[in-house]
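Taken together, the values in this text are just the output of simple stated rules run on the coordinates, not laboratory data. Just so you know, these numbers come straight off a predicted model, no measurement behind them. Neighbour counts are summed over all protein chains in view; Cβ atoms, including those assigned to glycine, are modelled from backbone coordinates with ideal geometry.
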Amino acid sequence: MCAHTPPCPTAEAPDREAARPIAHHPEQGWSLLCNGVLTFEDTGELLPDGRIVAPRRPLAVAT
């Protein structure tokens with residue numbers, strides 16, 4: 001799907017979030033990357049094959 005040079009990481013790559021956004025809708029909380037990954041503002045992801053990646057928010061540290 002990516003036509004950039006050098007090509008963006010694939011949807012299966014560990015650094016898939018580094019792909020360029022091709023659609024960005026901050027009012028709805030999501031972006032579509034050129035590798036087909038949907039990223040959400042809570043850090044969750046929906047991969048092109050339908051797999052879900054759970055949000056990876058940092059845990060709050062008690063003070």
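List of remarks:
- Long-range neighbours under 6 Å by Cβ, at least six apart or interchain, first residue closer than 16 Å to Val53 by Cα within the stretch 1-18, second among the β-branched types (Val, Ile, Thr) and surrounded by 12 or more Cβ atoms within 10 Å (Cβ to Cβ): Ala11/Val37; Arg16/Val37
- Residues being surrounded by 13 or more Cβ atoms within 10 Å (Cβ to Cβ), β-branched (Val, Ile, Thr) and out of contact with any strand residue (DSSP E or B) (no Cβ under 6 Å at 6 or more places or on another chain) - total across the stretch 1-46: 2
- Lone unmet requirement of (1) assigned to a loop (DSSP other than H, G, I, E, B); (2) crowded, with 16+ Cβ neighbours inside 10 Å for Asp49: (2)
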